[in-house]
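Contents: one structure, followed by commentary.
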Amino acid sequence: MKIPNAHKLPRLCSWAALTAIFCLATSGEVNADEVRGTADTDLATVTSKVSRNAVQVAEPLTLELTVTAAVGSQVDFPSLGKTLGNFDVTDQIDRADVPTSNDLNQRVWTRRLTLESIVTGDAEIPALEIMVRHKNNTQTLKSGAVAVHVASVLEDRADPTQFRDIQSVVDVAVPQPISRAWLWWTLGSAGGVAVSALLFMAVAKRKAWMTPQAWAIRELEVLRNSDAMKSIDSDTVTENLTTILRDYLELQFNIAAPVQTTKELQQVVETGKYLSAETTKRFFDLFDHSDLARFAGLKLTRAELTLALDDAQRLIEQALIRSGEVR
């Protein structure tokens with residue numbers, strides 16, 4: 001039996017395969033120039049990421065160091081000047097002790113550097129040493145050195161003094177026009193499928209995301225049922241309560257709460273008017289009582305600890321209602 005247009009089937013399959021590969025490549029989030037490295041110990045894990053491994057002169061690139069360690073750890077990044085190797089440091093952003101969404105017992109510390117260089121050739125971002133302390137253990141993690149090529153803006157240009165010989169006239173066969181309507185239909189269909197998949201993933205991710213208020217209330221409930229609460233360990237309970245309140249303020253209002261003193265944090269909240277004056281006062285009354293228990297040796301009873309947790313939850317719920325985010 002004769003199959004119409006049978007000679008076109010291999011070409012059609014090839015185009016369909018190329019289209020599928022194109023859609024998969026464009027729907028991902030991995031940068032081909034991105035350079036990653038990881039080092040870990042029993043205390044922490046450090047991940048280094050460079051946005052590009054080849055740049056032109058004075059073209060910025062970013063180096064991001066991410067340290068993941070247990071709650072209660074102390075992470076010290078090295079002090080940097082205005083240069084790092086052959087690169088100028090034009091910007092530095094640090095974020096400390098940020099909760100992770102997938103593990104309640106882990107925290108994340110991040111340093112993001114913006115680098116530039118006016119020296120052409122093969123350069124290297126040197127390794128950096130990061131100190132991690134947890135309880136009585138201290139370890140030093142070392143990020144790997146990264147090679148970066150800095151190209152001149154004059155590289156890879158044609159030499160104007162080198163002329164090509166003029167060739168004689170060459171007869172070229174004129175190709176017959178080929179209809180590619182099927183290609184546009186295939187690309188359109190594949191693109192529609194890809195867009196639908198991305199929308200589905202975005203909706204699913206949005207549903208799975210937890211608001212700062214819901215996270216804080218869940219953490220308070222975990223603290224209510226903790227061993228420290230059962231044994232009336234006021235030092236541990238008040239320390240965890242302070243950490244939850246600071247993390248909530250940072251997640252809700254994008255404040256660097258974990259690295260500020262109580263007075264500095266109160267001034268930021270009052271200046272930004274993130275909460276009402278009454279709610280702000282009650283928030284920092286809780287901080288003051290917790291500081292007395294932690295640093296002045298004030299021992300609280302079970303009833304007093306329970307009252308402090310109840311007050312914290314009511315304040316978070318009132319702040320949620322005031323900001324109009326109740327769903």
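Numbers at a glance
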| quantity | calculated |
| --- | --- |
| In the stretch 189-207, the residues that are loosely packed, with under 11 Cβ neighbours inside 10 Å and either modelled with pLDDT of 75 or more or assigned by TED's automatic domain parsing to the domain that holds GLN313 (or both) | GLY192 |
| Residues (at pLDDT below 90, more than 14 Å from GLN74 (Cα to Cα) and not small (Gly, Ala, Ser)) located in the stretch 130-149 | LYS142, VAL146 |
| Which numbered condition LEU251 fails, given (1) more than 22 Å from the chain's Cα centre (by Cα); (2) assigned to a helix (DSSP H, G or I) | (1) |
| ILE244 vs. criteria within 22 Å of ASP97 (Cα to Cα) and in contact (Cβ under 8 Å) with a residue 60 or more places away in the chain | yes |
| Of all residues making up the stretch 92-114, the number that are in a strand (DSSP E or B) and among the acidic types (Asp, Glu) | 2 |
| Only listed residue being touching a Pro at 6+ places or on another chain (Cβ under 6 Å) and within 30 Å of ILE244 (Cβ to Cβ), chosen from ASP97, ASP103, ASP42 | ASP97 |
| Criterion: surrounded by fewer than 12 Cβ atoms within 10 Å (Cβ to Cβ) and either in a loop (DSSP other than H, G, I, E, B) or touching a helix residue (DSSP H, G or I) at 6+ places or on another chain (Cβ under 6 Å) (or both) - qualifying residue of GLY144, GLY81 | GLY81 |
| Residue satisfying condition, being in contact (Cβ under 8 Å) with a residue 40 or more places away in the chain, assigned to a loop (DSSP other than H, G, I, E, B) and not assigned by TED's automatic domain parsing to the domain that holds SER226, within set ILE130, ILE118 | ILE118 |
| Some residue of the stretch 63-78 being assigned to a strand (DSSP E or B), hydroxyl-bearing (Ser, Thr, Tyr), modelled with pLDDT of 90 or more and in contact with a strand residue (DSSP E or B) (Cβ under 6 Å, 6 or more places away or on another chain) | yes |
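The values are calculated or read from the model by the stated rules, or taken from the named source; none is laboratory data. Because the structure is a prediction, the values reported are computed rather than measured. For neighbour counting, all protein chains shown are included, and Cβ atoms are generated from backbone atoms with ideal geometry for every residue, glycine included.
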